[in-house]
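Only one structure is covered here, and it is reproduced in the block below.
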2 protein chains.
Amino acid sequence: MKEIFLRRSIRSYSDKEISTRDLERLAEAGLMAPSARNQDSRGLIIVNDKSILLELASMSKYASFLKEAKACILVIGINKDTIPTLHMQECDLAATTENILLEATHLGIGSCWLGTYPVKERMDYVKNTLNISDNDFVYSVIALGYPKDPNAFYEKDKIKKENICWNRVK
Amino acid sequence: MKEIFLRRSIRSYSDKEISTRDLERLAEAGLMAPSARNQDSRGLIIVNDKSILLELASMSKYASFLKEAKACILVIGINKDTIPTLHMQECDLAATTENILLEATHLGIGSCWLGTYPVKERMDYVKNTLNISDNDFVYSVIALGYPKDPNAFYEKDKIKKENICWNRVK
């Protein structure tokens with residue numbers, strides 16, 4: 001599937017805005033990810049307010065390019081008191097994040113997964129910026145924007161074949 | 001992207017074998033997932049040996065349908081002593097798992113993520129079955145097979161729109 005092989009972390013963006021419908025589609029793709037026992041364990045916050053993006057750019061020293069991003073999506077762990085398989089919530093949230101990256105690639109939108117969980121300072125910074133409830137937690141922040149480089153999507157050979165084996169441990 | 005919206009957990013398989021090339025392609029798709037700082041944090045074991053599949057079917061009470069599966073892929077956390085961002089290894093491994101599920105959907109192959117990490121009994125059972133090093137850990141097991149039901153892939157409306165919000169917390 002070409003999106004899987006073309007996806008890369010893209011941190012430099014053009015001025016083109018991302019439509020509301022496309023941002024919604026990215027969020028929908030995220031919520032289609034599997035979750036353990038189909039538990040309702042994730043919420044998404046779509047941010048396209050410039051002032052919030054500027055604030056989020058200070059979440060870590062790796063996030064400054066958020067100043068240039070047109071939007072971001074925050075993947076939030078929710079419902080910790082009611083979900084049946086709390087110990088697998090992080091699996092759900094990572095799969096949700098990956099779906100958003102791939103759907104963005106499909107739409108020609110550049111994306112970058114800003115590692116957040118389990119780094120407490122980053123999680124707290126984002127949580128406080130968005131007034132997220134103490135009962136919930138920020139798992140990831142996904143920066144979004146059309147790539148500045150028109151050739152940003154290309155297949156990079158990063159597969160380590162030696163990490164694949166058959167029916168036994170090497 | 002249709003694969004994201006058509007993917008479902010499929011646990012009932014036809015007799016058709018999965019080709020070696022397709023199994024390799026699934027593993028390659030997995031290794032294309034993002035990893036924190038591009039760390040070399042995951043290994044994949046492709047299992048299509050029937051006797052091993054039968055043993056793995058006892059990894060938990062939810063895994064008995066592995067007896068019917070044509071193959072499975074194990075996603076393994078590796079290199080814990082050398083990777084730069086160990087605390088984000090689980091993010092890498094979940095994204096790897098999700099890529100394999102989506103590539104399987106793309107190839108018309110049914111898949112099911114068998115939750116393994118962090119359930120110690122399951123992790124140990126699989127580790128012992130495959131003689132995996134104590135230095136590594138089993139993150140997930142992905143059952144694979146062509147669906148018995150020819151209409152197994154369909155778009156199920158499972159998106160909870162109330163879990164999406166814009167620029168603020170509801």
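Rounded to the nearest 500, the 222 nm mean residue ellipticity of chain B from helices alone is -9500 deg cm²/dmol, with -39,500 (n - 2.57) taken per DSSP H run of at least 4 residues. Taking a sphere under 15 Å around the Cβ of residue B:150 and counting the other residues whose Cβ falls inside, with K and R at +1 and D and E at -1, yields a net charge of +1. Evaluated with a Cβ-only charge set (Lys, Arg +1; Asp, Glu -1), chain B carries a dipole of roughly 720 debye about its Cα centre, given to the nearest 20.
Which residues among the range A:17-40 fall inside the zone where the amide N is under 15 Å from a point 7 Å beyond the Cα of residue A:136, along Cα→Cβ? What the label zone holds, given the 15 Å backbone N cut-off, is A:27-28, A:31, A:40. Applying a threshold of 22 Å to the alpha-carbon distances of A:80/A:127; A:16/A:127; A:2/B:50; A:2/B:2; B:120/B:160; A:61/B:161 flags A:16/A:127; A:2/B:50; B:120/B:160; A:61/B:161 as lying beyond it. Summarising the rotation from chain A to chain B, the nearest chain A beta-carbon to the axis and its distance in Å are given as A:94, 2. DSSP assigns beta bridges within the protein assembly as shown; of those with both partners inside it, close to 85 percent run antiparallel.
Please compute the net charge surrounding residue A:61, taking Lys and Arg as +1 and Asp and Glu as -1 over other residues with Cβ under 14 Å from its Cβ.
Details: positive: A:11, A:67, A:122, B:37; negative: A:121.
The answer is +3.
Distances between copies of residue B:168, taken at a point 7 Å out from Cα along the Cα→Cβ vector and listed shortest first: 6.3 nm.
Mean silhouette area of the protein assembly as shown, derived from the convex hull of its C-alpha atoms and averaged over all directions, reads 15.9 nm². With the label put 7 angstrom out from Cα along the Cα-to-Cβ vector, residue B:134 ends up 4.1 nm from the copy partners, going from closest to farthest.
Couplings 3J(HN,Hα) of the range A:72-88, computed from phi: 8, 10, 9, 9, 10, x, 10, 6, 4, 7, 10, 6, x, 10, 4, 5, 10 Hz, in residue order, whole Hz [Karplus 6.51 cos²θ - 1.76 cosθ + 1.60, θ = phi - 60°; x for Gly and Pro]. Computed on chain A, with alpha-carbon pairs under 8 angstrom and 6+ residues apart, the relative contact order is 34 percent.
Take the Cβ-Cβ distance between residue B:68 and residue B:158 as r, set R0 to 30 Å, and report the resulting FRET efficiency rounded to the nearest 0.05. Before the final figure, lay out the partial values.
Working: r = 25 Å, r/R0 = 0.82.
That pair, residue B:68 with residue B:158, gives E of 0.75.
Distance between the C-alpha centres of the range A:1-78 and the range B:90-164: 23 Å, rounded to the whole angstrom. Please give me, ordered by residue number, the chymotrypsin sites (Phe, Trp or Tyr not before Pro) of the range B:56-163 that lie in loop per DSSP and have at most 14 other Cβ atoms within 10 Å. Counting only loop positions with at most 14 other Cβ atoms within 10 Å, the chymotrypsin sites (Phe, Trp or Tyr not before Pro) in the range B:56-163 are B:62, B:154. The charge dipole of the protein assembly as shown, taken about its Cα centre with unit charges on the Cβ of Lys, Arg, Asp and Glu (plus for the first two, minus for the last two), comes to roughly 160 debye.
Using a ≥ b ≥ c from the Cα gyration tensor of chain B (square roots of the eigenvalues), is it rounded, prolate or oblate, where a/c under 1.5 gives rounded and otherwise the larger of a/b and b/c decides, a/b for prolate? Oblate, because a/c is 1.5 or more while a/b does not exceed b/c.
Could you tally the net charge around residue B:94, taking each other residue with its Cβ under 13 Å from the Cβ of residue B:94, Lys/Arg +1 and Asp/Glu -1? If you can, show how the numbers build up before the last one.
On the way: positive: A:42, B:42; negative: A:90, A:92, A:98, B:90, B:92, B:98.
Around residue B:94, the charge tally is -4.
A dipole drawn for the protein assembly as shown from +1 and -1 charges on Cβ atoms has a positive end, and of A:97, B:128, B:89 the residue lying farthest that way is A:97. What are the DSSP H helices in chain B that stretch 20 Å or more along their long axis, judged by alpha-carbon atoms, and whose average Kyte-Doolittle hydropathy comes to at least -1.0? Membrane-span-like by this criterion, though nothing is claimed about a membrane: B:89-106. On the basis of the beta-carbon distance and an R0 of 56 Å, residue A:39 and residue A:151 show a calculated FRET efficiency of 0.85. How large is log10 of I(q)/I(0) for the range A:25-73 at q = 0.15, 0.17, 0.26, 0.30 Å⁻¹ when the intensity is taken from the Debye formula with one equal scatterer per alpha-carbon? Values, matching the q order: -0.52, -0.62, -0.90, -1.04.
Where a number appears in this text, it was derived from the coordinates with a stated rule and is not lab data. All values reported here derive from a predicted model rather than from experimental measurement. When we count neighbours, we look across all protein chains shown, and the Cβ atoms used for this are built from the backbone with ideal geometry, even at glycine.
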